[in-house]
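K.L.:
Handing you a structure now.
The values are calculated or read from the model by the stated rules, or taken from the named source; none is laboratory data. These numbers were taken from a predicted model, which means no experiment stands behind them. Every residue, glycine as well, gets a Cβ built from its backbone with ideal geometry; the counts of neighbours run over all protein chains shown.
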Amino acid sequence: MCGIVGAIAQRNVSEILLEGLSRLEYRGYDSAGICTIAGNKFSCIKTTGKVKVLKDEVNLVGCPGLIGIAHTRWATHGVPSKENAHPHICDHLALVHNGIIENFQELKQELIAAGYSFKSQTDTEVLVCLIHSMLKKSSSVLDAFKLALARVKGSYGLALVDLNDPDTLYAARSGSPLIIGLGIGENFIASDTLALLPVTRRFIYLEENEIAAITTRAVRVFDLNGCEVDKKIIESDLDAESISKGEYRHYMQKEIFEQPTSLQNTLIGRIIDDKISNETVVGIDDNTFKDTNFIQIVACGTSYHAGMVARYWFEELTGVATNVEIASEYRYRKAVVPDNALFVTISQSGETADTLASLRLAKEQKFKNSLSICNVNGSSLVRESDYTLFTKAGAEIGVASTKAFTAQLLSLLLLALIIAKQKQAITEEKYKEIITSLRALPALCQDFLSCDKQIAALSEQFSGKHHCLFLGRGVMYPIALEGALKLKEISYIHAEGYAAGELKHGPIALIDNEMPVVVVAPDNALMDKLVSNVEEVRARGAQLYIFVDNKAQLKNDKQTQKVALPSCPEILQPILYTIPLQLLAYYCAVINGTDVDQPRNLAKSVTVE
């Protein structure tokens, strides 16, 4: 979950590298480093903390060079420290790495026996020494690179520079994303296109087990057998301005308020003549899902909660049995796969390690089709899936996902309608009713954001609180889970989401007058049941915060605060009731003084197991 940037140009690259790191800081921010080649020596600077600390150091001492690599770290092996920060150097080689080398201890012992010594606790320093050792068996750095990677078990995105060959930048990828950016008389590499948008919009995506040799004039890509690979150039439709905070205090705040636009973008071109177009899902036709009789959804974190909501929609609208599982669990069990089964993966980045591994396992398990719900065109998940439904949420920088989640929910609802229509499982009346609701979604989302000031004031009551429960029933249970996840992620308040009916089976023992309880209570068929659960909580003295339809007959009192929200169609409630919970988490984090966009110990794109 680290961020890599590399550049080779006819100008000083340090500013390009540092700007790229700033745009990748969502991937890790406990230490950072840069290494350039100036003359016949390395200029290497490493710092702990965020990229700004590194920038200040570079501005103070300088880091000139026409070729260089840089790294922002989310620690895996070894604590955050200058010694463990990347780049790591062995003689005339310098390396940055995203991923995990699983057999590094074994390799390290071999290298120690061969006379190598180590300054860090990292697997990366072992790898650069391994590459150096392979030079004794090969005629070039590229060959040594290939030989070393043949010994490696694990995942990596790598950038390598050689003091003896300052005209070539080397890169390799297996299990961790890496892209090449193409300029005029200059070329670049990075973990994400966002890092390079200020200098290019033309990219090559490295595939699994590919190595690249990059100069100012050419990019050559090889497989591990040394065969050259012809690569397609893709032009990004993002721009550098899409990742600025604008008028907002934090990226997360901006991304919450961008949701009417991101939902509108996800709908554009997908409802034609009151029907969901098949072109919504790249690659399908009128009969793709006609025989689907089982759906397996796999995801992690917030995307897993989106999958949990989708199960309600899929089973209600399509009549197809649906299972939802956390990717890190699915990949390690023996699943029974029925005939004509569809495997659905959900990931904002398309590079989530456990989700990718689950997709590769699903191919071995003979699922009939695989489909990804993803926000990033060209990502690994997209390239390896049979079909893709793009969420079109735009760049999301805040580590805690907001607009990507609601765009995922909308995309899953669109998919449910496509499957329902192909299987003839939905009446024309119901189908048109949902289409009408979808057209109103962006405007309704704007209406729901009007509770901003009320929630900002309410959140002050969470100051000093250490625990919180979120309750929901039916399809709102996963939304309660998501609300709890957001609160704990960025405010560091311990929060748990529960199905309200489970309250009496244990969690109610935690409730006292110091425990805030947040209830997600839209007007639906389960409202009466939920009211009974609320009374159980009230009887134990908890402070209740109820997010409810503004028409509901529920009064505020000393123990209960109602957040009245606009009326909306029941099918859209999971999407829209997410918004006030995001705002609650955001304002609680601001009050607690935490780092909203880059909460401790977390990274945006989890590319390691």
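K.L.:
Of the conditions (1) modelled with pLDDT under 85; (2) surrounded by fewer than 18 Cβ atoms within 10 Å (Cβ to Cβ); (3) in contact with a helix residue (DSSP H, G or I) (Cβ under 8 Å, 6 or more places away or on another chain); (4) farther than 30 Å from D597 by Cα, K551 satisfies every one except a single condition; which number is it?
P.N.:
If we test K551 against (1) modelled with pLDDT under 85; (2) surrounded by fewer than 18 Cβ atoms within 10 Å (Cβ to Cβ); (3) in contact with a helix residue (DSSP H, G or I) (Cβ under 8 Å, 6 or more places away or on another chain); (4) farther than 30 Å from D597 by Cα, just (3) comes out false.
K.L.:
With respect to G185, is the statement that it is small (G, A, S), assigned to a loop (DSSP other than H, G, I, E, B) and touching a Lys or Arg at 6+ places or on another chain (Cβ under 8 Å) true?
P.N.:
So G185 passes the test.
K.L.:
Right, next: Quick one: which residue in A499, A484 is closer than 27 Å to D597 by Cβ and hydrophobic (A, V, I, L, M, F, W, C)?
P.N.:
On inspection, the qualifying residue turns out to be A484.
K.L.:
Right, another one. Looking only at the stretch 139-174, filter to residues that are modelled with pLDDT of 90 or more and small (G, A, S); which one of those is surrounded by the fewest Cβ atoms within 10 Å (Cβ to Cβ)?
P.N.:
It comes out as A150.
K.L.:
Considering (1) over 22 Å from P177 (Cβ atoms); (2) in contact (Cβ under 8 Å) with a residue 24 or more places away in the chain; (3) in a loop (DSSP other than H, G, I, E, B), say which one G269 fails and leave the rest.
P.N.:
(2)
K.L.:
Next question. Tell me which of these V282 doesn't satisfy, since it passes every other one: (1) surrounded by 19 or more Cβ atoms within 10 Å (Cβ to Cβ); (2) touching a residue at least 40 places away in the same chain (Cβ under 8 Å).
P.N.:
Only one criterion in (1) surrounded by 19 or more Cβ atoms within 10 Å (Cβ to Cβ); (2) touching a residue at least 40 places away in the same chain (Cβ under 8 Å) is unmet by V282, namely (1).
K.L.:
Just one of Q446, Q422, Q454 is surrounded by fewer than 24 Cβ atoms within 10 Å (Cβ to Cβ) and under 18 Å from I575 (Cβ atoms); which is it?
P.N.:
Of the residues listed, the single one that is surrounded by fewer than 24 Cβ atoms within 10 Å (Cβ to Cβ) and under 18 Å from I575 (Cβ atoms) is Q446.
K.L.:
Sticking with this one: When the stretch 139-174 is examined, which residues are found to be under 23 Å from E106 (Cα atoms), in contact with a Gly (Cβ under 9 Å, 6 or more places away or on another chain) and not aliphatic (A, V, I, L, M)?
P.N.:
D143, K146, G154, S155, Y156, G157, R173, S174
K.L.:
Okay, next question. Going residue by residue through the stretch 500-511, is there one that turns out to be at pLDDT 75 or above, assigned to a strand (DSSP E or B) and surrounded by 21 or more Cβ atoms within 10 Å (Cβ to Cβ)?
P.N.:
Looking for residues that are at pLDDT 75 or above, assigned to a strand (DSSP E or B) and surrounded by 21 or more Cβ atoms within 10 Å (Cβ to Cβ), one finds none in the stretch 500-511, hence no.
K.L.:
Filter the stretch 441-481 down to residues that are among the aromatic types (F, W, Y) and part of a helix (DSSP H, G or I) and give me whichever is modelled with the lowest pLDDT. It would help to see each step written out before you state the result.
P.N.:
Initially, the stretch 441-481 is screened for residues among the aromatic types (F, W, Y), giving 448, 462, 470, 477.
Among the residues that remain, those that are also part of a helix (DSSP H, G or I) are: 448, 462, 477.
Numbers: F448: 96, F462: 89, Y477: 95.
Across the stretch 441-481, the extreme among qualifying residues is F462.
K.L.:
Related question: Quick check: anything in the stretch 115-133 outside any strand (DSSP E or B), without any contact (Cβ under 8 Å) to a residue 24 or more places away in the chain and on the phi > 0 side of the Ramachandran plot?
P.N.:
yes
K.L.:
Restricting attention to the stretch 111-150, which residues are over 17 Å from H92 (Cα atoms) and charged (D, E, K, R)?
P.N.:
Within the stretch 111-150, D123, K146 qualify.
K.L.:
Just name the residue that is modelled with the highest pLDDT out of those in the stretch 563-597 that are polar (S, T, N, Q) and surrounded by fewer than 24 Cβ atoms within 10 Å (Cβ to Cβ).
P.N.:
Q573
K.L.:
Can you name the residue in the stretch 38-90 that is β-branched (V, I, T), in contact with a helix residue (DSSP H, G or I) (Cβ under 9 Å, 6 or more places away or on another chain) and closer than 15 Å to N12 by Cβ and, of all such residues, is surrounded by the most Cβ atoms within 10 Å (Cβ to Cβ)?
P.N.:
I69
K.L.:
Also, I was wondering about something else. Look at Q253 and say whether it is assigned to a strand (DSSP E or B) and either crowded, with 16+ Cβ neighbours inside 10 Å or in contact (Cβ under 8 Å) with a residue 40 or more places away in the chain (or both).
P.N.:
On the way: assigned to a strand (DSSP E or B): no; either crowded, with 16+ Cβ neighbours inside 10 Å or in contact (Cβ under 8 Å) with a residue 40 or more places away in the chain (or both): yes.
Criteria not met by Q253.
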